[in-house]
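Peer 1: Provided herewith is a single structure, encoded as structure tokens, for subsequent inquiry.
The values are calculated or read from the model by the stated rules, or taken from the named source; none is laboratory data. All figures in this text were calculated on a predicted structure; none of them were measured in a lab. Backbone-built Cβ (ideal geometry, glycine too); neighbour counts: all protein chains shown. These area figures cover heavy atoms from the full protein model, side chains too; ligands, DNA and RNA do not enter into them. Shrake-Rupley method; radii C 1.70, N 1.55, O 1.52, S 1.80 Å.
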Amino acid sequence: MKHDVCVIGLGYIGLPTASVFAGKGLRVLGVDTNPSVVSTLGRGEVHFVEPGLEAVVREVVNLGYLHVSSRPAPARAFIVAVPTPFHHESKGDPSPDISFVEAATRSLGGVAEAGDLVILESTSPVGTTERMREWLDDEMRCLGRNIGGAEVLFAHCPERVLPGQILKELAANDRIVGGLTEAASERARLLYGTFCTGEILLTDARTAEMAKLTENSFRDVNIAFANELSVICERLGIDVWNLIRLANRHPRVKILSPGPGVGGHCIAVDPWFIVDSAPDLARLIRIAREVNDAKPGHVVSSVKAAAAEQRTPVIACLGLAFKANVDDLRESPAVEIVRRLATADVAPLLVVEPYVSALPKVLSALGTRVRLTSLADAVSCASIVVVLVDHREFLGLDRTQLQGKVVIDTRGILRAR
Ligand code: SAJ
């Protein structure tokens, strides 16, 4: 049987995408190289927290619209949604790692046929969709198949959904579709039209690749502006939250929120893809990355300074996730701050993270200096309270409980009310 859609990579983007296609009655094959992901999904369960996703997956698996496998099979359309991390170079800037995209593309060498559509959803450096065509062509030639990559249609359709609201945004957001040919763009438009109620905007593949990188760099640069303001205000004795609230009353000013740094697998990563492709020109984008990456170090210094003033300091760190109300700890500045405080052995650390049941390895490996505990225990035992994430569980924090303690509120939640 030829599937309607085969999705390669069942992570934060691939799985919801496969599920919404299946929910529209398309026959979908989801592929993941991790055997435990395949077996979890085969039981109709999911391997990460995303509101509403488990119910959708259970339904489409039970109805037989979504199957999962460790290998791709023939399909009219293939969607590649694998990670595109970066290499931390020992010298110089980080550089993009597109080896998972290459492996996924080559895995289609034996199954793709002339007229099939291959879509890249992973955020990728400009030119990656063109390279996919070359990889597939090469793979098919090696396998002795008599069709080439050129007979397959290719498009880049970047995802732009917000973790925590993925199902809603998958359907509602406008979508950019950039084909290597117009025929590819048209086919991709038809496919996404099955569930996308937002506008589908057609362009070429290189523009689509750059658009995705631009969106996240725009946000990074604007968060860097807020983070720079926060450290300037600290020195000048000004409440940055109040300042931003006032400045934002100007009709054309919309400053974002400062925080402990920028985390997640998108905004802290994608700007480097632009810097890598034009290092001499991407000056502002690089500086924004550096400003945001310096923020965890600034928070650590403030906590150390507060601890140095006390005889027996105990530090409560509220939150580990990279942002509010999710369990995602990837590239989280909060984890990095706790790690640095523990490594420097500043004081006992009580960590509160309502969205995880155990500390991540990078922290549990540090031994008993870091303990995961409840909000009530952490707040009552600590002499220093550091707010690292604005989880809804922390918003009701009672100011009277914090009297007499040093409070370092990197998210401004205590001033917001
Ligand atoms: N942050 C701040 N201040 C702010 C806003 C965010 O410090 O005013 C921090 C957050 O705490 C977090 C980081 O920035 O550490 C990123 O969070 P986010 O909610 O802004 O974005 P992500 O990484 O969850 O998702 C982004 C989104 N991109 C944009 O908003 C331009 C999403 O639409 C993309 O699909 C996603 O990246 C992606 O996959 O690229």
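Peer 1: All but one of (1) open to solvent by less than 20 Å² (accessible area, probe 1.4 Å); (2) touching a Ser or Thr at 6+ places or on another chain (Cβ under 8 Å); (3) away from the ligand (no atom under 16 Å from the Cβ) hold for LEU320; state the number of the condition that does not hold.
Peer 2: Result: LEU320 passes all but (3).
Peer 1: Here's something else I'd like to know. Which of (1) in contact with a Gly (Cβ under 8 Å, 6 or more places away or on another chain); (2) assigned to a helix (DSSP H, G or I) does VAL338 not meet, given it meets every other one?
Peer 2: In the conditions (1) in contact with a Gly (Cβ under 8 Å, 6 or more places away or on another chain); (2) assigned to a helix (DSSP H, G or I), VAL338 misses (1) alone.
Peer 1: Let me ask something else. Of all residues in the range 396-408, how many are at pLDDT 95 or above and within 30 Å of the chain's Cα centre (by Cα)?
Peer 2: Here the count works out to 2.
Peer 1: Ok, one more. LEU10: assigned to a loop (DSSP other than H, G, I, E, B) and open to solvent by less than 10 Å² (accessible area, probe 1.4 Å), yes or no?
Peer 2: Yes.
Peer 1: So which residues in the range 193-237 are away from the ligand (no atom under 15 Å from the Cβ), among the hydroxyl-bearing types (Ser, Thr, Tyr) and either surrounded by 14 or more Cβ atoms within 10 Å (Cβ to Cβ) or farther than 27 Å from LYS323 by Cβ (or both)?
Peer 2: If the condition is that a residue be away from the ligand (no atom under 15 Å from the Cβ), among the hydroxyl-bearing types (Ser, Thr, Tyr) and either surrounded by 14 or more Cβ atoms within 10 Å (Cβ to Cβ) or farther than 27 Å from LYS323 by Cβ (or both), then THR194, THR203, THR207 are the ones that fit.
Peer 1: Does the range 400-412 include one or more residues that are of a type outside the set (A, V, I, L, M) and open to solvent by less than 10 Å² (accessible area, probe 1.4 Å)?
Peer 2: So the first thing to find is which residues in the range 400-412 are of a type outside the set (A, V, I, L, M), and the list is 400-401, 403-405, 409-412.
Still in the list and also open to solvent by less than 10 Å² (accessible area, probe 1.4 Å): 412.
The answer is yes; a qualifying residue exists.
Peer 1: Under the condition of being closer than 13 Å to ILE408 by Cβ and either open to solvent by less than 30 Å² (accessible area, probe 1.4 Å) or hydrophobic (A, V, I, L, M, F, W, C) (or both), which residue from the range 283-301 is nearest to the ligand (Cβ to nearest atom)?
Peer 2: My answer is LYS295.
Peer 1: Cβ-Cβ under 7 Å, sequence separation 6+ or interchain: first residue in the range 206-224 and farther than 16 Å from THR84 by Cα and among the basic types (Lys, Arg), partner open to solvent by less than 70 Å² (accessible area, probe 1.4 Å) and more than 9 Å from the ligand (Cβ to nearest atom). Which pairs?
Peer 2: These pairs meet every condition: ARG206/VAL126; ARG206/GLY127.
Peer 1: Looking only at the range 300-319, which residues are β-branched (Val, Ile, Thr) and under 11 Å from LEU341 (Cβ atoms)? I'd like the intermediate steps shown before the answer.
Peer 2: Kept after step one, since they are β-branched (Val, Ile, Thr), are these residues of the range 300-319: 300, 303, 312, 314-315.
Once the filter is applied, which keeps residues that are β-branched (Val, Ile, Thr) and under 11 Å from LEU341 (Cβ atoms), the range 300-319 yields VAL300, VAL303, ILE315.
Peer 1: Are any residues in the range 24-55 crowded, with 20+ Cβ neighbours inside 10 Å and in contact with a Pro (Cβ under 8 Å, 6 or more places away or on another chain), and if so, which ones?
Peer 2: Those that are crowded, with 20+ Cβ neighbours inside 10 Å and in contact with a Pro (Cβ under 8 Å, 6 or more places away or on another chain): LEU29, VAL31, GLU50.
Peer 1: Just one of the numbered conditions (1) surrounded by 15 or more Cβ atoms within 10 Å (Cβ to Cβ); (2) within 29 Å of SER357 (Cα to Cα) is not true of HIS67; which one?
Peer 2: (2)
Peer 1: I've got another one for you. I'm trying to understand the selection: among the residues of the range 340-359, which are open to solvent by 30 Å² or more (accessible area, probe 1.4 Å) and within 22 Å of the chain's Cα centre (by Cα)?
Peer 2: PRO354, TYR355, VAL356, SER357, ALA358, LEU359
Peer 1: Select from the range 157-186 the residues that are acidic (Asp, Glu) and under 10 Å from ASP204 (Cα atoms) and list them in ascending order.
Peer 2: Matches in the range 157-186: GLU182 only.
Peer 1: Take LEU256 and decide whether it is on the phi < 0 side of the Ramachandran plot and near the ligand (Cβ under 9 Å from one of its atoms).
Peer 2: Working: on the phi < 0 side of the Ramachandran plot: yes; near the ligand (Cβ under 9 Å from one of its atoms): yes.
So LEU256 passes the test.
Peer 1: Right, something else. Return the residues of the range 177-189 that are closer than 19 Å to VAL5 by Cα and either within 12 Å of the ligand (Cβ to nearest atom) or not hydroxyl-bearing (Ser, Thr, Tyr) (or both); say none if nothing qualifies.
Peer 2: Of everything in the range 177-189, those that are closer than 19 Å to VAL5 by Cα and either within 12 Å of the ligand (Cβ to nearest atom) or not hydroxyl-bearing (Ser, Thr, Tyr) (or both) turn out to be VAL177, GLY178, GLY179, ALA183, ALA184, GLU186, ARG187, ALA188, ARG189.
Peer 1: Quick check: anything in the range 225-232 out of contact with any strand residue (DSSP E or B) (no Cβ under 9 Å at 6 or more places or on another chain) and at positive phi?
Peer 2: The answer is no; no qualifying residue exists.
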